[in-house]
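Asks: First, the structure itself, so that you have it in front of you.
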Amino acid sequence: MAGGLVKYRHLSRNSSARQALLRGLVTSLVAHEHIHTTYAKAKEAQRLAEKLITYAKRDNEETRRKAQAILYTPHDLLPKLFGELRERYSERPGGYTRVLRTEPRSTYDQAPSAILELVDGPRDARFMMTAKAVAFDKDAGKKHTELTKKNVAKVTRYRKDGKSAFADMVASFRQLSARSNGGKRKKAETEEAEA
C-alpha cells in the first residue's frame, strides 16, 4: 500500500515553508520566552523547541551545529541557549515548554489560539496563576484545594529558589488585592455617606 499517515501537521504549507515557519517561531520563543500563535503552530513548534533545548543540554560541537541550523539569528541566541537556558533546565528531565490554549485573537479570525512559553521563566503563566490562586485563598481564609497544592508542587519543583520566588509572588498578589479592595471600600463608604 502506497503512502500512509504522516505524523505531523502540514499547516497548509509545503515542506520548506513549514520548516521556515517553525524555525521562525522557535527563534522568537528563544528570544522572548513567550509567543502567541495558533494552537496547531504552537504544538508543532513545541516539538522543535524541545529538541533545541535538549541539544543545549548536551553541549558539544555537533549539537551546537544542529542548534545553529535551527535558529535564524544564531549569533544572538546561541549564548542564551547554551548559557542561561541550559543552566535553567539542567535538572529538568524534559517538558521545557508549555502550550496554553487562549481565546481567539479577534472576532473575525476564530482560529484556536495558544501561548507557547518556556517553563520556569520570568513570564511563566502557570506560576503566576497558581500564585494568584494561593493569594486569593489566603485572603478569603480558605484552604487550598488538591489541584492548587498539586500546581504549587509542579511550579516550584525544578525552579531555582522556587519556594521563595513563589512566596514573593503570592505576597505581591496579596498587596495588589489589598490595594484594589481598599479603593473599592473607600468608594463604597463615600457612596454610603452621601446617601
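Asks: ASP59 passes all but one of (1) of a type in the set (Asp, Glu); (2) at pLDDT 95 or above; (3) in contact with a helix residue (DSSP H, G or I) (Cβ under 7 Å, 6 or more places away or on another chain); (4) under 26 Å from GLY162 (Cβ atoms); which number fails?
Replies: Among (1) of a type in the set (Asp, Glu); (2) at pLDDT 95 or above; (3) in contact with a helix residue (DSSP H, G or I) (Cβ under 7 Å, 6 or more places away or on another chain); (4) under 26 Å from GLY162 (Cβ atoms), ASP59 violates only (2).
Asks: Scanning region 108-139 for residues that are farther than 22 Å from ALA165 by Cα and exposed (fewer than 13 other Cβ atoms within 10 Å of the Cβ), which turns out modelled with the highest pLDDT?
Replies: Across region 108-139, the extreme among qualifying residues is PRO112.
Asks: Going through region 1-31 one residue at a time, which ones are loosely packed, with under 13 Cβ neighbours inside 10 Å and closer than 22 Å to LEU100 by Cβ?
Replies: Within region 1-31, TYR8 is the sole residue that qualifies.
Asks: For region 125-150, name all the residues that are without any contact (Cβ under 8 Å) to a residue 24 or more places away in the chain and under 17 Å from ARG174 (Cα atoms). Talk me through it step by step, then tell me what you get.
Replies: So the first thing to find is which residues in region 125-150 are without any contact (Cβ under 8 Å) to a residue 24 or more places away in the chain, and the list is 129, 133, 137, 140-150.
Matches in region 125-150: MET129, ALA133, ASP137, ALA140, GLY141, LYS142, LYS143, HIS144, THR148.
Asks: Among the residues of region 155-164, count how many are touching a Lys or Arg at 6+ places or on another chain (Cβ under 9 Å) and either more than 20 Å from GLU87 (Cβ to Cβ) or surrounded by fewer than 16 Cβ atoms within 10 Å (Cβ to Cβ) (or both).
Replies: Going through region 155-164, the residues touching a Lys or Arg at 6+ places or on another chain (Cβ under 9 Å) turn out to be 155-160.
Then drop every residue that is not either more than 20 Å from GLU87 (Cβ to Cβ) or surrounded by fewer than 16 Cβ atoms within 10 Å (Cβ to Cβ) (or both), which leaves 157, 160.
Adding up the residues that qualify gives 2.
Asks: If you don't mind, another one. Could you go through region 78-98 and let me know if any residue there is in contact (Cβ under 8 Å) with a residue 24 or more places away in the chain, part of a strand (DSSP E or B) and of a type in the set (D, E, K, R).
Replies: Residues of region 78-98 in contact (Cβ under 8 Å) with a residue 24 or more places away in the chain: 80-82, 85-86, 88-92, 94-98.
Narrowing further to those that are part of a strand (DSSP E or B): 97-98.
So of that shortlist, the ones also of a type in the set (D, E, K, R) come out as 98.
There is at least one residue in region 78-98 that is in contact (Cβ under 8 Å) with a residue 24 or more places away in the chain, part of a strand (DSSP E or B) and of a type in the set (D, E, K, R).
Asks: I'm checking my understanding of the structure. Among residues of region 38-67 that are among the hydroxyl-bearing types (Ser, Thr, Tyr) and within 15 Å of TYR96 (Cα to Cα), which one is surrounded by the fewest Cβ atoms within 10 Å (Cβ to Cβ)?
Replies: The residue in question is THR54.
Asks: Any residue in region 63-76 that is in a loop (DSSP other than H, G, I, E, B) and not hydroxyl-bearing (Ser, Thr, Tyr)?
Replies: Within region 63-76, the first condition is being in a loop (DSSP other than H, G, I, E, B), and the residues that meet it are 71-73.
Those left that are additionally not hydroxyl-bearing (Ser, Thr, Tyr): 71.
Yes, there is a match, as at least one residue in region 63-76 is in a loop (DSSP other than H, G, I, E, B) and not hydroxyl-bearing (Ser, Thr, Tyr).
Asks: What number of residues within region 99-120 satisfy the criterion of being out of contact with any Pro (no Cβ under 8 Å at 6 or more places or on another chain), of a type outside the set (S, T, N, Q) and outside any loop (DSSP other than H, G, I, E, B)?
Replies: Residues of region 99-120 out of contact with any Pro (no Cβ under 8 Å at 6 or more places or on another chain): 99-100, 102-103, 105-109, 114-120.
Okay, now just the ones that are also of a type outside the set (S, T, N, Q), so 99-100, 103, 105, 108-109, 114-120.
Now restrict to residues that are outside any loop (DSSP other than H, G, I, E, B): 99-100, 114-118.
Qualifying residue count, region 99-120: 7.
Asks: Return yes or no: is ARG18 touching a His at 6+ places or on another chain (Cβ under 9 Å), more than 15 Å from ALA114 (Cβ to Cβ) and of a type outside the set (Gly, Ala, Ser)? Before the answer, list the steps.
Replies: Values: touching a His at 6+ places or on another chain (Cβ under 9 Å): yes; more than 15 Å from ALA114 (Cβ to Cβ): yes; of a type outside the set (Gly, Ala, Ser): yes.
Yes, satisfied.
Asks: Which of the residues belonging to region 1-42 are over 15 Å from TYR72 (Cα atoms), basic (Lys, Arg) and assigned to a helix (DSSP H, G or I)? Full working, then the answer.
Replies: Going through region 1-42, the residues over 15 Å from TYR72 (Cα atoms) turn out to be 1-15, 33-42.
Within this subset, residues satisfying the condition of being basic (Lys, Arg) are 7, 9, 13, 41.
Scanning region 1-42 gives a single hit, LYS41.
Asks: Might you let me know whether region 43-54 holds any residue that is basic (Lys, Arg), part of a helix (DSSP H, G or I), in contact with a Phe, Trp or Tyr (Cβ under 6 Å, 6 or more places away or on another chain) and modelled with pLDDT of 95 or more? Can you show your working first?
Replies: Narrowing region 43-54 to residues basic (Lys, Arg): 43, 47, 51.
Keeping just the survivors that are part of a helix (DSSP H, G or I) gives 43, 47, 51.
From what's left, in contact with a Phe, Trp or Tyr (Cβ under 6 Å, 6 or more places away or on another chain): none.
No, region 43-54 has no match at all.
The values are calculated or read from the model by the stated rules, or taken from the named source; none is laboratory data. Predicted model only: the values in this text are computed from it and were never measured. Positions of Cβ are generated from backbone atoms using ideal geometry, with glycine treated the same way; all protein chains shown enter the neighbour counts.
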